[in-house]
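Right, one structure below, let's go through it.
The values are calculated or read from the model by the stated rules, or taken from the named source; none is laboratory data. The structure displayed is predicted, hence computed values, not measured ones. Methodologically, a virtual Cβ is constructed for each residue, glycine included, from the backbone with ideal geometry; neighbour enumeration extends over all protein chains shown. Remember, those area values only see protein heavy atoms, side chains included, never the ligands or the DNA or RNA. Shrake-Rupley method; radii C 1.70, N 1.55, O 1.52, S 1.80 Å.
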Amino acid sequence: AQSVTQLDSQVPVFEEAPVELRCNYSSSVSVYLFWYVQYPNQGLQLLLKYLSGSTLVESINGFEAEFNKSQTSFHLRKPSVHISDTAEYFCAVTPISGGYQKVTFGIGTKLQVIP
Amino acid sequence: DTAVSQTPKYLVTQMGNDKSIKCEQNLGHDTMYWYKQDSKKFLKIMFSYNNKELIINETVPNRFSPKSPDKAHLNLHINSLELGDSAVYFCASSQGPNSPLHFGNGTRLTVT
């Protein structure tokens, strides 16, 4: 079984400041990792994913996340946030194995960008 | 064009009623899901279908019954609604196992 821990339920940050949203996971097998973003009254959208290769992955809107296998972490960062980044962010994992596996989500971190 | 669409967006009903939520995806994906998001935003999978076949069935009361008439549609029927069923229900699809999920905009169910 897998579990995902997002340590911060809310992160307030001033506009143009950097931000880090933390995600740690636990799994007895190797996993794929994802970050999803949920804007108010909308469904979740994929922000970025780590499947293999370079441990640093980037999104088109300036977010990046680094997979750290030894620390079982996949923290999300952005060097300068905008008001439009205000949303709920979910870290998720799914096992790398044949067959259909459940995606396990963290409880989410609410990023609130302050003008 | 909306990739994953679900209807209705809002559903307000009384305890004991039966209701359905419909979901359709036009992405050509083989796998579809129902997730429940509670008031604390926690997301939990309920069901998953691959090409009309049930592949994941979490511990969900049997008042909830999914139906997949074809691989582009996955509906959720709920009998004898209870107060605790109030939540946002999300439909999602994916290209296959371990692929990213594509979510609909959710159905906010309120049971009074």
Accessible-area order (highest first, 1.4 angstrom probe) of the listed residues B:T59, A:T94: B:T59, A:T94
Whole-number value, in Å³ per residue, for the convex hull of the alpha carbons of chain A is 103 Å³
For region A:60-115 and region A:7-35, what is the separation of their Cα centres, given in Å? 5 Å
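Leaving out ligands and nucleic acids, and using a 1.4 Å probe, what accessible area per residue does the protein assembly as shown come to in Å²?
Roughly 49 Å² per residue, with all protein chains present.
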Using a 1.4 Å probe on protein heavy atoms, which residues of region A:41-83 have at least 40 Å² less accessible area in the complex than alone? A:N41, A:G43, A:L44
For the protein assembly as shown, cysteines whose Cβ has no other cysteine Cβ within reach (under 4.7 Å): none
When only C-alpha pairs under 8 Å and at least 6 residues apart count, what is the relative contact order of chain B, in percent? 37 percent
Take the Cα pairs of the protein assembly as shown, get the Kirkwood Rh, then feed it into Stokes-Einstein at 25 °C and 0.890 mPa s and tell me D in µm²/s. 135 µm²/s
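Suppose R0 equals 41 Å. What FRET efficiency, 1/(1 + (r/R0)^6) with r the Cβ-Cβ distance, do B:N62 and A:H82 give to the nearest 0.05?
The calculated FRET efficiency here is 0.35.
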